[in-house]
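Trainee: The structure's right below; bear with me while I get my questions together.
The values are calculated or read from the model by the stated rules, or taken from the named source; none is laboratory data. Note that this is a predicted model, so its numbers are computed, not measured. Ideal geometry is used to build each Cβ from the backbone, glycine not excepted, and the neighbour counts take in all protein chains shown. When the accessible area is computed, the model is the full protein with side chains, heavy atoms only, and any ligands, DNA or RNA have been set aside. Shrake-Rupley method; radii C 1.70, N 1.55, O 1.52, S 1.80 Å.
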Amino acid sequence: MHVHGELWTLKEFFVLPNEYIYWSVQIVMYPFMTGLVAGAFVLSSLYHVFGIKQLKDMARFALVFSFALLPVAMVPLQMHLQQPQRGIEVFMTPHFTSAIAAFGIVFSTYGAIVASEIWFVYRKYIVEMALSLRKKMDKTLSEKVLHLVYTVLTLGAYDISEEALHKDEKAVKVLAGIGIPVACFLHGYAGFIFGSVKANALWMTPLMPVIFIMSAVVSGIALCILTYTITMEIKKFRATRSKSSYALYQSKEEIKGVELHEIRMTSKYLVFFMIFAISLELLDLIFRGYTAVKTWDILRSVIYGRDFTDIFVLQYGVGNLLPFILFLIPGLTVRRSAVASILVLFGVFMMRWNVVIGGQSFSLTFDGYMHYVMPIIPTSIETFKEGLGGVLTVAALPFILFWILSKIFPVFGFEKTAH
Amino acid sequence: MITRRQFLANTAKGLAGLALPAAAFEIIDPKKLFADKGGKPGLRWAFLVDTYKCVGCGLCVKACKIENEVPYDAKVSRTWVERYVITKDGKLHADSPMAARDGFTTSKIDLGDRGFEDIKAEDITKAFFVPKLCNQCEKPPCAQVCPVGATYQTEDGVVLVDRTWCIGCGYCIMACPYGVRFFHPVYHVAEKCTFCYHRIKKGLKTACVGACPFGARMIGNIKDPDDPVTKIIRTQRVGVLKSEYGTEPQVYYIGLDEEVR
């Protein structure tokens, strides 16, 4: 009979009988996904709150993408529960001395803010679509469905006068403003879940929430750059293929210009947040080494020994330093920024991995080690969920959701197509 | 119409009321009141381990697994015994193979996936056994972090898990500095030592206490000054594990070595 964790945990030296890697790759995915949610939202708010005009196109995109990522942030948690059917109890019967208990409140508050912000941003479009579809005779099935969706989404508010739209803009600004601290809270709080575990020598630091927020923003921006580039490339491809007939209002050259400009602007913010994130992580590391309390012996052997490749080569080298250089070399191209963004995403993923898995890679005895062997080929539901299969499922979900959402809320140039 | 006299009188009364500090009111806990009035000493379970008496036979682990229906061959256990061997070079060698369910049948140290380490008898400076179980902390971090309150502390100090309510998130397992928690292989919820709550409630001893042939394990009521366990804790030199975490563990050890983890 297998115990939970036994299938992927290797134990070395003095490890207590009940110790296993209980929080596996799904718990790496959880902060990674919430980080993307928070980061994408912060990026969109840069435009809405601080009026950084250069980010206009990216802002709308990031907002919808953040909404698509939101439900997915919950999936890894649900997948790792031993009793997933009771997961709802965290919302229904929260036990407030637990850091996890606030999840329901923080998560739904944030969800409500993003949903209402999207509604205000797209209200004009929704009303126009609902009205034009209503007028249309003999609708196809998909048009009938869309008509219903848009009619419901108007929530009965059809006023799109200049004055009303002005109020919408104001609402968006307020919501984006409230959204920034809430997004930071959503993710900082994920950091708190780890940072407050006093039994874990690696996790327990008050810096954890701040480190999590900074790397969240970094990963969110990187993902937006990447997805934006892919979407624009598809648009460019369509524009060249269809020439003038297929009603795309922009030429290839125009798209190219907009794309490069947006990406250069966004990558500046990415580099800025990256500097913050790395400084905090290094501060934590230096502080631990300098104070060298009782647990430092085992931590040092993990950080500089067993996990050296994961931390210094993959996370800091490939995931931080390399993209940092790529972004800073003058004359940034779309292709270079895409490669750098992929590396940044990988680096942040490795950071989550090194925290979550690294924190469990030594025993409570401080005299033994555990090694997580991620299940690649699933042999049971358990090894699927807590292995590569589960990771790929979680990673693919936001893109599927984004694709569906973008059918209803087009992310680029909708002002022109709506008429 | 309010007169000046009335106004002054009311103001004085109001000020007097405000001046009464909130601390003057004591919130009375009905349970506490009941216990005080009853004249009986309160009840708080505590455990005492005499490490000098433990020989590492593992009968306690066996008894626990059977009593509490933790699958016999599963590599988890509510209680276990650790072996500590310190050699002349000052190195510590420790293990707990299969939670010491079958005792320590070989002198080789179990290094998990690293195999076994043979230690020569003449190199050993000291060696001893340490039984472990849930510390039933006064301030249990496991109960603090449970997001749904499925883990809770009873009035008499024992921390229990509601198997019908646990969502199986594992946060409590992470929060326990003693590694006493695990997922039950059959019920798939958090599992831990309960001091055999179903037995001690009926006046019986825990399964491990009953199974120990050497009297290394004892359980008692720390609020009762006449309890033999309480007498030892009060009069002899005892220690607890990992007090630095502020959990106030209630398993006391006689002969605790600084090498014990």
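Trainee: Please work out how much accessible surface A:W119 shows to a 1.4 Å probe, ignoring ligands, DNA and RNA, in Å² rounded to 10.
Mentor: Result for A:W119: roughly 50 Å² accessible.
Trainee: Quote the accessible area belonging to A:Y125 in square angstrom, nearest 10, computed with a 1.4 Å probe and with ligands, DNA and RNA left uncounted.
Mentor: In the full protein context, A:Y125 sits at about 20 Å².
Trainee: Let me ask something else about it. Taking B:K65 as the anchor, which aspartates and glutamates have their alpha carbon closer than 14 Å to its alpha carbon, excluding any fewer than eight residues away along the same chain?
Mentor: Straight-distance partners of B:K65: B:D73, B:D102, B:E191.
Trainee: Further question: Checking the table B:K75/B:K132; B:K88/B:K132; A:K135/A:K235 against a 19 Å threshold on Cα-Cα, which pairs fail? All intermediate terms of the calculation are to be shown ahead of the outcome.
Mentor: Details: B:K75/B:K132 15 Å; B:K88/B:K132 26 Å; A:K135/A:K235 29 Å.
In this structure, B:K88/B:K132; A:K135/A:K235 lie more than 19 Å apart at Cα.
Trainee: Taking the alpha-carbon distance from A:K136 and a cut-off under 19 Å, which aspartates and glutamates remain once sequence neighbours fewer than 8 residues away in the same chain are dropped?
Mentor: A:E128
Trainee: Run the accessible area of region B:141-191 with a 1.4 Å probe and give the carbon-and-sulfur part as a rounded percent.
Mentor: After summing per-atom areas, the C and S share lands at 56 percent.
Trainee: Indicate the gyration tensor shape class of chain B (rounded, prolate or oblate), computed on the Cα atoms with a ≥ b ≥ c the square roots of the eigenvalues: a/c under 1.5 is rounded; otherwise a/b larger than b/c is prolate and the rest oblate. Could the numbers behind the result be given before it?
Mentor: Working: a/c = 2.46, a/b = 2.23, b/c = 1.10.
Taking the square roots of the gyration eigenvalues as a ≥ b ≥ c, chain B is prolate.
Trainee: If you don't mind, another one. Rounded to the nearest 10 degrees, what's the angle between the helix A:388-408 long axis and the longest principal axis of chain A, both from Cα atoms, 0 to 90?
Mentor: 20 degrees
Trainee: Can you give me the C-alpha center-to-center distance between region A:115-194 and region B:123-172, rounded to a whole angstrom?
Mentor: 48 Å
Trainee: Another question, if that's okay. Of A:R352, A:R86, A:R335, which has the most accessible area and how do the rest follow, probe 1.4 Å? Can you show the working numbers first?
Mentor: Working: A:R352 0, A:R86 50, A:R335 195 Å².
Correct descending sequence by accessible area is A:R335, A:R86, A:R352.
Trainee: So for B:M174, A:M92, what's the accessible-area order with a 1.4 Å probe, most first? Spell out each step's value before the answer.
Mentor: On the way: B:M174 25, A:M92 130 Å².
These residues rank, largest area first, as A:M92, B:M174.
Trainee: Another question, then. What do you get for the angle between helix A:252-291 and the principal long axis of chain A? Use alpha-carbon atoms, 0 to 90 degrees, nearest ten.
Mentor: 20 degrees
Trainee: Given a 1.4 Å probe and no ligands, DNA or RNA in the count, how much accessible surface is buried by B and A, both sides, to the nearest 100 Å²?
Mentor: Its buried surface, counting both partners, is about 4100 Å².
Trainee: Still on this structure: Plugging the Kirkwood radius over Cα pairs into Stokes-Einstein for the protein assembly as shown, at a temperature of 37 °C and a viscosity of 0.692 mPa s, what D comes out in µm²/s?
Mentor: D = 114 µm²/s.
Trainee: While we're on this one: Using +1 at the C-beta of Lys and Arg and -1 at the C-beta of Asp and Glu, which of A:F399, A:V152, A:V318 has the Cα lying farthest in the positive direction of the dipole of chain A?
Mentor: Sorting the options by dipole projection puts first A:V152.
Trainee: Might you work out the accessible area of B:K75 for me, using a 1.4 Å probe with all protein chains in place, and round it to the nearest 10 Å²?
Mentor: 100 Å²
Trainee: Could you list, by residue number, the cysteines of the protein assembly as shown that have no other cysteine's beta carbon within less than 4.7 Å of their beta carbon?
Mentor: Lone cysteines by the Cβ rule: A:C184, A:C224, B:C54, B:C57, B:C64, B:C137, B:C146, B:C166, B:C169, B:C176, B:C196, B:C212.
Trainee: Same structure, new question: Going Cα to Cα from A:K268, which lysines come in below 18 Å? Please leave out same-chain ones fewer than 8 positions away.
Mentor: Partners found: A:K53, A:K56.
Trainee: Protein chains only, probe 1.4 Å: how do A:F91, A:F366, A:F192, A:F327 rank by accessible area, largest first? Intermediate values should be presented prior to the final figure.
Mentor: On the way: A:F91 80, A:F366 45, A:F192 110, A:F327 15 Å².
Result, largest first: A:F192, A:F91, A:F366, A:F327.
Trainee: Now for a different question. Under a 1.4 Å probe, what is the accessible area of region B:141-191 per residue, stated in Å²? Kindly include the intermediate steps, with their values, before the conclusion.
Mentor: Numbers: 1370 Å² over 51 residues.
Per-residue value: 27 Å².
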